Structures are given as structure tokens and as C-alpha cells.
Amino acid sequence: MMIDENKRLQLPDYVLDVCHALHDGGYQSYVVGGALRDILLNQPAKDFDVATDALPDEVERLFRRAVPTGKAFGTITVISQGQPVEVTTYRLEGRYSDMRRPDSVVYSGSLKEDLSRRDFTINALAYSPFEGRIRDYFNGIGDLGRGIIRTVGDPGARFREDALRMLRAVRFAAVLGRREHPFSIEEITCNSIFEHHQLLSNISVERIREEVNRILLASRAPLRGFNDLYNTGLLKYIMPELVVGVNVVQPYHMGRTDVFRHNLLTACRISPRLELRLAALLHDVGKPYTQTAFKGSVHFYGHDEFSARLAGRMLSHLRYPNAVTALVVHLIKHHMEIAHLDIGNDAALRRLFRKVGERHMDDLLELHRADLLTGMPPRAAMRRYLEMKRWISKLRESASIFKLSDLAVDGHDIMAHLGIGPGREVGAILERCHDMVLENPTLNTRGKLLEIAEELYDQFHRIA
């Protein structure tokens, strides 16, 4: 990919206003960082940053709406035409004791010195709308053109400053690449990540989780990104249970991949929603722990339940929101039940609706689709999926019962008819009525259910 460093770039008016105000005040101003990188890659750009030789106090005096969001580190957020632009004074940084922020900064009058502290060469570019050209001291333009992620200077030093940069390298390789212009991590940088991957244990799980989410939600990232996480040694610090699936061979009819790659491919083939991608990535994570062999055949009995429990622990460790964890675990727990359904067995499908809940049924079907496409020939997988989808739609349209609240009677009806008060008996009778109606929806009338309630009440007391 050819990138013209002398090409005049189109910047938003609100960013140009900030640059002009600094320029008119006698200061330098350069657009820097990720937004500039994305513009050069012809990708949507946001979150603009401007570097300047103006000190923070001078920036505050120049702009009516200036917020000292990071003044201690030289950053003032300027609100221009209602949009935030981070304006940062050229600086050099001290040690990173917490592996996140520098202990101190020293302001510099040099753009080159300021860019030398950046993480990767593709982020160490600067563009002046007044000069109409890019300042590139570290061959970031060349790396962009070749699709290379490379640190500015010694990679070990950059990673010791902030170990999260190792994850960012993987993320950039995953999200910036396109089919016609893929990105990869430069060999020396990649080797350094492998040598320093243990530093990731010093980073908070919340920061790690956010980078994982970005990799997971990128269109092509689950395969490229997680392969890079594995090859650099980072994955065993993030999701060691996922790594256990490497070289765990599945039966031929489940595809020719090991469990690790099967999980990754399933995540690639599901809709890019966080809960769905996580469910796909972890749906078979329990297989290596449940593997058995009998007469030359490999089996993973109970892997769905084990995978659900394991996924719950993994996501809790990474401090995912409880609602996200609960849905992921719920989908994984039931993913084999939908796989084993015989199309046409309406009673079995109604029971699955009861377990899964109607609002989650479409998510479970989407997980089933991705799982099918990973383990079966595409044509057979889509045939099974479309038949399943039509069957579910038909059952919905028939208004067949799914929920306990859809019964023709409720607890008050049961108590009034039997002359009893509230208690566990009432709940047990309702549950049994629900089970019977799932098997035979024609039983869902008030008269029939009250008759069933009488019989069940008598049975309970005979047993007692």
C-alpha cells in the first residue's frame, strides 16, 4: 500500500480550528496519534490529538473551553465546535513505576523528542496543516505501507514502560488489517513480546479485558488476534484454559481442527456482539477436561456443563459484568441441547424454550449456526440451520406455550380450587402442569389443568 507523506490531508473543521488558534498564538501544532494513522489508512478517524510546544497554562489561556483532564502530564482537552480535542505539550517521560503512567514528565521544545516516546512507529507520525506534509522520524509511513507493527526504539524498553503495549500490538495487527492489506507484528517486536509476556501479570485485569474485547469484536480479529496472543505467549496469562485445547483432536465429523482452533473459528463465524463472541470462543473450552476414548472413538461427555462452569470462572476473573457472564454461561450450558434436537419434535423444542427463555432462543440459534459452520460442510450446516430456524418460527407463530405465565391457571386458581394456602405444593403443581402442557399443548385449558391439579395434589398426599 503506497502512502504519500506529502499529500495534503482533509481534517475536520473543529480540529483545524484548534490548530489555527495555536498557530495564531505563535505556537506549533501537529495532528498526531491514532486519528492521523487511520486517515492515512483511509479508515474512519476519531479522538483527535494535537501536539504543541505551548505549555498547558498557555493552552488554557488560548481557549475559552479548556478542561485540564491530564494537566499534570501536559494534556488539556479543548472543546471545539462541541467536539473534544486533546492538546498535549511536547514532553519527555520518566519511569513508569506502575507500568501505566510516567512518574513524571519534562516538557520539551522538540517534536522529534515527543514522538520518540510513542509506542509504535505507525503512531509516531505528525501532520501540520500549515506545512501540508507529515513529519516521520521513525519510518512510520513505511511501516504503514508494509502493514508492520513495530515499536519506536527498543521494544523491551517500551514494554517495560507499559506492558499493555504488547496487547495493543496484537490488537493493531488484528483491527488495522484488511484482506488486501493485512498487518503483522515485526519479528523483533514479536520476539520481544514473547520474551516479556510475563510482564502482563502486572497489568490490571480491567485493562486487559478491554483490549481482549477490542480484539474479539474486530471483524477478522478472533482468528488473527487470538493466534497472535497464543504465539506470543500472552494468551496463557489471559485465558490459560483456552490454550489447553491446543492439539486436542476432535472426531472427524466435528471438523479437522483441534479444540483451540475450533473455538476460534466459531468465534469468527458468529455475529460481532460481545456476549455472542465470548460464548462462541468458550463454548467448547471444557472439552480437554472431559475427553474420553472408547473403542477407538473420542468423546467429550458433559463438556457443555463443564465448559459453562469454566467460562463463568474465566469471565469472573477478568471482571466482566455479571449480566455478560450470566448470558455467556447460559448459552454455553445449552448449546448441545439445541444440537441434539430432532427437527419436528415440538415437545422437545418447547422444553428447550422453557429452559433457555424465549428472549435468548435467537442467541442460542446463532451460536448453533456458528458451531455448525465450523464442524460441518457449509452446505449441510446451512441446511440444518435454516430448517431449525423455520421450525422455531413456526412454533412461535402457533402460539404454543413457552412460559409458566402462559398457563391457563395460576397459583391463585390452584389454591382456590383445592382449598389450600400458599406453599411449595402450589409451585410444584404449577411446574408439573407446565411440563405436561409442554408435551401436549391441548391440555392448556382451565378445566383440564384444574383436574390435573387435583390428581397431582392427591398423588403428593398419597406419597406423603
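The values are calculated or read from the model by the stated rules, or taken from the named source; none is laboratory data. All figures in this text were calculated on a predicted structure; none of them were measured in a lab. Here the Cβ positions follow ideal geometry from the backbone for every residue, glycine too, while neighbour counts run over all protein chains shown. All accessible areas refer to the heavy atoms of the entire protein, side chains included, with ligands and DNA or RNA removed. Shrake-Rupley method; radii C 1.70, N 1.55, O 1.52, S 1.80 Å.
Cβ-Cβ below 7 Å, separation at least six or inter-chain, first residue in segment 161-172 and on the phi < 0 side of the Ramachandran plot, second part of a loop (DSSP other than H, G, I, E, B) and of a type in the set (K, R): which pairs?
D162/R100
Of the residues that sit in segment 431-447 and are in contact with a helix residue (DSSP H, G or I) (Cβ under 9 Å, 6 or more places away or on another chain) and outside any helix (DSSP H, G or I), which one is most open to solvent (accessible area, probe 1.4 Å)?
Among those residues, the one meeting the criterion is N440.
Inside segment 149-168, can you point out the residues that are closer than 23 Å to A51 by Cβ and touching a Phe, Trp or Tyr at 6+ places or on another chain (Cβ under 7 Å)?
Correct list: I149, R150, T151, V152, E161, D162, R165.
Could you list all residues from segment 269-287 that are assigned to a helix (DSSP H, G or I) and under 20 Å from L327 (Cβ atoms)? Before the answer, list the steps.
If we filter segment 269-287 for residues that are assigned to a helix (DSSP H, G or I), which is where we start, we get 274-282, 287.
Result: L274, E275, L276, R277, L278, A279, A280, L281, L282.
Is there any pair linking a residue in segment 428-446 that is more than 20 Å from H412 (Cβ to Cβ) to one that is not hydrophobic (A, V, I, L, M, F, W, C), with Cβ under 6 Å and at least six apart or on different chains, and which?
Going by the 6 Å Cβ cut-off, the qualifying pairs are L438/R350; L438/R351; P441/S400.
Which residue, of V356, V329, V324, is farther than 20 Å from A267 by Cβ and β-branched (V, I, T)? Explain how you work it out, then say what you get.
On the way: V329 fails: farther than 20 Å from A267 by Cβ; V324 fails: farther than 20 Å from A267 by Cβ.
Going through V356, V329, V324 in turn, just one is farther than 20 Å from A267 by Cβ and β-branched (V, I, T): V356.
Considering only segment 328-341, state which residues are in contact (Cβ under 8 Å) with a residue 24 or more places away in the chain and crowded, with 18+ Cβ neighbours inside 10 Å.
Across segment 328-341, the qualifying residues are V328, H330, L331, I332, K333, H334, H335, M336, I338.
Quick check on my filter: what residues within segment 116-141 are within 12 Å of V31 (Cα to Cα), part of a loop (DSSP other than H, G, I, E, B) and among the aromatic types (F, W, Y)?
To start, the set of residues in segment 116-141 that are within 12 Å of V31 (Cα to Cα) comprises 123-135.
Pick out the ones that are also part of a loop (DSSP other than H, G, I, E, B) and you get 124, 129-132.
Residue satisfying the conditions is F130 alone.
Matching residues to (1) more than 21 Å from I343 (Cα to Cα); (2) open to solvent by less than 70 Å² (accessible area, probe 1.4 Å):
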{"site": "R383", "(1), (2)": "no, no"}
{"site": "D406", "(1), (2)": "yes, yes"}
{"site": "H412", "(1), (2)": "yes, no"}
{"site": "A416", "(1), (2)": "yes, no"}
{"site": "I429", "(1), (2)": "yes, yes"}
{"site": "L449", "(1), (2)": "yes, yes"}
{"site": "A453", "(1), (2)": "yes, yes"}
{"site": "L456", "(1), (2)": "yes, yes"}
{"site": "F460", "(1), (2)": "yes, yes"}
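Would you tally the residues in segment 311-320 being of a type in the set (K, R) and either at pLDDT below 95 or over 13 Å from L282 (Cα atoms) (or both)? Step through it out loud before you land on a result.
Keep residues of segment 311-320 that are of a type in the set (K, R), which gives 313, 319.
After this cut, where a residue has to be either at pLDDT below 95 or over 13 Å from L282 (Cα atoms) (or both) as well, the list is 319.
The total comes to 1.
Return only the number of the condition from (1) part of a helix (DSSP H, G or I); (2) touching a residue at least 60 places away in the same chain (Cβ under 8 Å); (3) not acidic (D, E) that Y320 does not satisfy.
(1)
In segment 20-33, how many are among the β-branched types (V, I, T) and either at pLDDT below 95 or surrounded by fewer than 17 Cβ atoms within 10 Å (Cβ to Cβ) (or both)? Walk me through it before giving the result.
Step one: of segment 20-33, the residues among the β-branched types (V, I, T) are 31-32.
Remaining after also requiring either at pLDDT below 95 or surrounded by fewer than 17 Cβ atoms within 10 Å (Cβ to Cβ) (or both): none.
Residues flagged as among the β-branched types (V, I, T) and either at pLDDT below 95 or surrounded by fewer than 17 Cβ atoms within 10 Å (Cβ to Cβ) (or both) within segment 20-33 amount to 0.
Quick one: V298 ticks every box in (1) under 27 Å from F226 (Cβ atoms); (2) open to solvent by less than 70 Å² (accessible area, probe 1.4 Å); (3) at pLDDT 95 or above except a single one, so which number is it?
Every listed condition holds for V298 apart from (3).
If you go through segment 342-356 one residue at a time, do you hit one that is over 29 Å from L407 (Cβ atoms), assigned to a helix (DSSP H, G or I), out of contact with any strand residue (DSSP E or B) (no Cβ under 9 Å at 6 or more places or on another chain) and among the aliphatic types (A, V, I, L, M)?
First, pick out the residues of segment 342-356 that are over 29 Å from L407 (Cβ atoms): none.
No; the residues of segment 342-356 include none that is over 29 Å from L407 (Cβ atoms), assigned to a helix (DSSP H, G or I), out of contact with any strand residue (DSSP E or B) (no Cβ under 9 Å at 6 or more places or on another chain) and among the aliphatic types (A, V, I, L, M).
Out of (1) crowded, with 24+ Cβ neighbours inside 10 Å; (2) part of a loop (DSSP other than H, G, I, E, B), the odd one out for G153 is which?
So G153 meets the others, but not (1).
Run down E387, E397 and say which single residue is modelled with pLDDT of 90 or more, under 30 Å from D363 (Cα atoms) and exposed (fewer than 13 other Cβ atoms within 10 Å of the Cβ).
Working: E397 fails: modelled with pLDDT of 90 or more.
Exactly one of E387, E397 is modelled with pLDDT of 90 or more, under 30 Å from D363 (Cα atoms) and exposed (fewer than 13 other Cβ atoms within 10 Å of the Cβ), namely E387.
Given the residues A323, A308, which is the only one that is open to solvent by 10 Å² or more (accessible area, probe 1.4 Å) and modelled with pLDDT of 95 or more?
Values: A308 fails: open to solvent by 10 Å² or more (accessible area, probe 1.4 Å).
On inspection, the qualifying residue turns out to be A323.
Yes or no, residue by residue, for (1) open to solvent by 70 Å² or more (accessible area, probe 1.4 Å); (2) part of a helix (DSSP H, G or I):
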site	(1), (2)
A35	no, yes
D38	no, yes
Q43	no, no
K46	yes, no
V50	no, no
R61	yes, yes
